[in-house]
Amino acid sequence: MINIMFGSNFLLGGIVLLGMILFYLLRFIRPAVARDEDIFFTSVGLLYGCIIIIHGWRLDPILIFSQVLLVGTLLSCGWENVRLRGFIVYQSKQK
């Protein structure tokens, strides 16, 4: 049985799915910044987002809060990683 509730778990899973889709689209938007291992991380992130949407209704408030902290940390580290990749590409073109 699949029980999808439109609560905080749906919002969190949607944010993860949106972030992973944008991370995958980086391959087409800026191919110089994309790496081959990004496909693996995107696949794992999409799976995680789907699991949070489908089974997140079972999480207690403290567990959903820990997932919010985890997703926030991972998305901010991923954003910083992409920015640093862009900086490296920019520096290599300067020389």
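Given the structure, is Ile53 over 11 Å from Asn9 (Cβ atoms) and of a type in the set (Val, Ile, Thr)? No, not satisfied. Please count how many residues of the range 1-47 are outside any helix (DSSP H, G or I), under 25 Å from Leu63 (Cβ atoms) and without any contact (Cβ under 8 Å) to a residue 24 or more places away in the chain. Matching residues across the range 1-47 total 2. Every condition in (1) over 12 Å from the mean Cα position of the chain (by Cα); (2) modelled with pLDDT of 95 or more; (3) buried (at least 16 other Cβ atoms within 10 Å of the Cβ) is met by Ile64 except one, and the failing one is (2). Mind listing just one residue for me: the one in the range 1-59 that is closer than 16 Å to Trp79 by Cα and among the acidic types (Asp, Glu) and, of those, surrounded by the most Cβ atoms within 10 Å (Cβ to Cβ)? The qualifying residue surrounded by the most Cβ atoms within 10 Å (Cβ to Cβ) is Asp38.
The values are calculated or read from the model by the stated rules, or taken from the named source; none is laboratory data. On a predicted model such as this, the values are computed, not experimentally measured, just so you know. Using ideal geometry, Cβ is built from the backbone for each residue, glycine included, and neighbour counts are taken over all protein chains shown.
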